[in-house]
């Protein structure tokens with residue numbers, strides 16, 4: 001992530017700045033800091049686009065998982081209809097139908113949960129990264145003022 005590299009560069013500049021005697025303040029090249037901040041602003045939209053893509057991908061995966069579960073249920077129902085000829089076959093078909101539907105529903109729940117957890121984890125990491133970046137920039141601006 002280029003933003004983190006730029007933020008590390010900002011930190012290095014601030015850490016390596018000449019100290020003003022009898023204070024915790026330092027002297028830095030204002031233009032250099034402003035250039036780095038501009039680069040961060042340019043890079044941020046890419047990070048936001050990536051977060052949007054993750055969100056859209058999560059939605060697509062959820063829709064796909066639901067469609068797959070529906071297809072499994074329809075397939076099970078079709079199998080059952082074709083097996084209704086005899087009593088024993090019918091009984092077995094109802095048992096198999098219930099089993100298939102339960103399996104399909106369980107798979108659907110697992111896929112949905114896994115997808116949501118994955119997307120949430122990525123979005124959480126991105127949110128923390130963006131918050132850290134914002135805090136660093138805000139702290140640097142405060143020190144500059």
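The candidate values were (1) 19.0, 73; (2) 30.0, 97; (3) 28.1, 97; the one computed from these coordinates for Rg and Dmax of the Cα atoms in Å carries the label (3). Annotation: peptides 21-29, 44-52, ranked by per-residue average of other Cβ atoms within 10 Å with the highest first, follow the order 44-52, 21-29. Show that you can apply the helix-only estimate: for the chain, add -39,500 (n - 2.57) for every DSSP H stretch of four or more residues, divide by all residues, and state [θ] at 222 nm to the nearest 500. That comes out to -32000 deg cm²/dmol. Compared with the dominant Cα axis of the chain, that is its longest principal axis, helix 87-144 is turned about 10°.
Centre-to-centre, using Cα atoms only, region 1-31 and region 61-115 are separated by 61 Å. Diffusion coefficient (Stokes-Einstein, Kirkwood radius over C-alpha pairs, 37 °C, 0.692 mPa s) for region 19-99: 175 µm²/s, rounded to a whole number. Taking all Cα pairs closer than 8 Å and separated by 6 or more residues, the relative contact order of region 1-49 comes to 40 percent. Relative contact order of region 30-131, taken over Cα pairs closer than 8 Å and 6 or more residues apart, is 35 percent. Please determine, in degrees from 0 to 90 and to the nearest 10, the orientation of helix 2-15 with respect to the longest principal axis defined by the Cα atoms of the chain, where the helix direction is its Cα long axis. It is inclined by approximately 30 degrees. Compared with the dominant principal axis of the Cα atoms in the chain, helix 30-82 is inclined by about 0°.
Since every read-out is calculated from the coordinates, none of them should be taken as a lab result. Note that the coordinates shown come from a computational prediction; the quantities given were computed from them, not determined experimentally. Cβ sites come from the backbone with ideal geometry, for glycine too, and all protein chains shown count toward neighbours.
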